[in-house]
Amino acid sequence: MRNAQMIAPPSFGDARNSRQKARAAGLDPDRWYAVEYDRAIKKGQVKEVVFWNVSIALYRGEDGRLAAVQNRCPHRQLKLTQGVVENCRLRCGYHGWTFDRDGWLVDYSHDSFGKPLIKNRLRTYPVQVRYGLIWLFPGDPARAEERRIPEIQELAGDDPWAGFTIDFTWRSHHSMVIDNICDFAHAFLHRKYRPFTDAKLTHHEADEDRVYLTYDAYMAAGRISGIFVDRQRVNTRSIELCYEYPYQWTNTGDSIKNWSFLLPIDERTTRVFFVFYFDALKIPLTSLKTPKWLTQAVLNIAKPLVFKPILEEDGIALEAEQLGYDSHFDAPPVELNPVVPLFQKLTARKWEDYLVRTGALGETESKQAAG
C-alpha cells in the first residue's frame, strides 16, 4: 500500500531516481528563452509571460522598444499587466503609479499624501528579438552577455529559408516534452499522418551540455507530405537530433530542419515554440525544386493541415502522461530507448548545477532537515 504521505510526486531533493529528479527540475534561468511572438505585442501593449511561476510584464513602448519588468506593483501588489502603457512607461491600473523601463518609480500621481518610500526598483529582464520571437533572460542579467540565443544561419542573412513557427501550451512538465520530441519510438501515435516510420536508433552520445543521437527512419511518410519531399536530392532515411540544453534541434538531410524552444511556465505547464524551416520542396510529379515563394506557400498550407494535427497528437499524449505520472510517480521506471534516461539525467544535472550555483540547494536541504 502506498505511503499515505506520498500523495504527490517528490520534490527535487526527495527524488529517488533520474526520472523523478527530471520531473521535479526546473530549467536554468540563466539562459535565453523564447516567450512570445514579436508580432503579438504592438506599440502601447503589455502582456504577462510566466517563467517557472515568476510573472513578468512584457511591454512595448510607443517608440517600438520592448521592456520586461517584475509584474507586481510594490504599492498594493497588483499585476502591472492590469495597467496601461503610457509612452515608454508602465502605469499601474489601481493608483496610477508609473515605472520606467529600468524599473524606477517615476510618477505616483497623488503626491498630496507624500512621497512613497520606494528604495528598490522593480526587477528588470534583458530582452531580444530573433527569428520573429521575443527572447527573455529570466536569470542573473550579468550572465546575459555570456549566454547566446541559438544561431540559426539558415534563418539569418538576406535570403533566409522558407519556414514557419507554431506553438502549443501543454499541461505537461518540460522534461516530458523533451522525452517526446527526441524519442522516435512513438510512431504508432502518429499512424494517421506518419511523419516518421521504422525508426532505429543508430548512434547516441552525451556530454555535459547535450545529448546527440541519430535514427535511421523513413521521414515524411504521409500521403500529403511525401509527395513534396525530394527523396532523390535529400536523404530522408535518417535524422539527427540533439537535446542541446535547454533547446532541441533536428536535421533531415541538411534540407529539413527544426528547433524547439521550451518555456517552462510551472511544474505542469510548458509552452513550446517549434521553428521549422526548409531549403526547398519538390514540385509533385516532377524533379524540379520549388522556388522559395512556392516553398513558403506550401508550408503555409501544410502548417494547419499536417504539422498542427501531428503536434496536437503529441500534446494529448503528453498531458495524459503527466496525469499518469502524478498518480504513479513511484512506479519503477521502465524505458527501452537508452537515450531517454540520458535526457532526464541532463535535465536533472543542469538544474542541480543551478541550485548549487545560487545556493538554493543548500537552503532546500536545510529546510527539509528542519522540517
Check your understanding: Given charges of +1 on the Cβ of Lys and Arg and -1 on the Cβ of Asp and Glu, with all other atoms neutral, how large is the dipole of region 45-143 about its Cα centre, in debye to the nearest 20?
Key -> 260
Review point. Among residues other than R147 whose Cβ falls under 11 Å from its Cβ, what is the net charge (Lys/Arg +1, Asp/Glu -1)?
Key: -2
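Find, to one decimal place in angstroms, the Kirkwood hydrodynamic radius of the chain, where the mean of 1/r is taken over every pair of different Cα atoms and then inverted.
On the way: mean 1/r = 0.0439 Å⁻¹.
Final number for the Kirkwood radius of the chain is 22.8 Å.
So how do Y215, Y354 line up by other beta-carbon neighbours within 10 Å, fewest first?
Working: Y215 24, Y354 19.
Sorted ascending by nearby Cβ count, the order is Y354, Y215.
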**Study point:** Relative contact order %, region 54-211, counting alpha carbon pairs below 8 Å whose residues are six or more apart
**Key:** 11
Review point. Counting alpha carbon pairs within less than 8 Å and at least 6 residues apart, what relative contact order, in whole percent, applies to the chain?
Key: 18
Check your understanding: Using the alpha-carbon centroid of each, what span in Å lies between region 130-166 and region 214-261?
Key -> 21
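What relative contact order, as a whole-number percentage, does region 153-349 give when Cα pairs under 8 Å and 6 or more residues apart are counted? List each step's numbers first, then the result.
Details: 333 pairs, mean separation 56.9, N = 197.
Relative contact order of region 153-349: 29 percent.
Report the full-extension gain for the segment H95 to S327: residue separation times 0.36 nm, less the Cα-Cα distance, to one decimal in nm. Intermediate values should be presented prior to the final figure.
Working: separation 232, 0.36 × 232 = 83.52 nm, distance 4.52 nm.
Additional length available on full extension: 79.0 nm.
I need the helices of the chain that pass two filters: whole DSSP H segments spanning 20 Å or more by Cα along the axis, and mean Kyte-Doolittle score no lower than -0.5.
On the way: long enough: 308-328 (29 Å, -0.58); 339-358 (29 Å, -0.19).
Membrane-span-like by this rule: 339-358.
For an R0 of 35 angstrom, estimate the FRET efficiency from the Cβ-Cβ distance between D353 and Q45 and round to the nearest 0.05.
Working: r = 36 Å, r/R0 = 1.04.
The computed FRET efficiency comes out at 0.45.
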Exercise for review: Return the distance in nm (one decimal) between the two label points of a simple spin-label model at K200 and Q232, each offset 7 Å from Cα along Cα→Cβ.
Suggested key: 2.8
Check your understanding: Fewest to most neighbouring Cβ within 10 Å: what's the order for R147, R191?
Key -> R191, R147
Revision key, fill the gap. A correct fewest-to-most ranking of S55, S175 by other Cβ atoms within 10 Å would be S55, S175
Review point. What number comes out for the charge environment of K282, summing +1 per Lys or Arg and -1 per Asp or Glu over other residues with Cβ under 9 Å away?
Key: +2
Check your understanding: Say each of R147 and R171 gets a label point 7 Å from the Cα, pointing the same way as Cα to Cβ; how far apart are those two points in nm?
Key -> 2.9
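Please give the net charge around W161, taking every other residue with its beta carbon less than 13 angstrom from that of W161, where Lys and Arg add +1 and Asp and Glu add -1. Write out the running numbers ahead of the final one.
Working: positive: K257, K289, K292; negative: E154, D158, D159, D254, D279.
After counting each charged neighbour, the total is -2.
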Check your understanding: What aspartates and glutamates could a cross-link reach from K257, if we take a straight Cα to Cα line under 14 Å and drop same-chain neighbours fewer than 8 places away?
Key -> E151, E154, E240, D279
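Kindly state, to the nearest 0.05, the FRET efficiency for K308 paired with R210, given R0 = 22 Å and r defined as their beta-carbon distance. Intermediate values should be presented prior to the final figure.
On the way: r = 28 Å, r/R0 = 1.28.
Given R0 = 22 Å and the Cβ-Cβ separation, E is 0.20.
Rule-based calculations on the coordinates, nothing more; no lab input. This one's a predicted model, so the numbers in the text were calculated from it and none came from an experiment. Cβ: placed from backbone, ideal geometry, glycine included. Neighbour counts: every protein chain shown.
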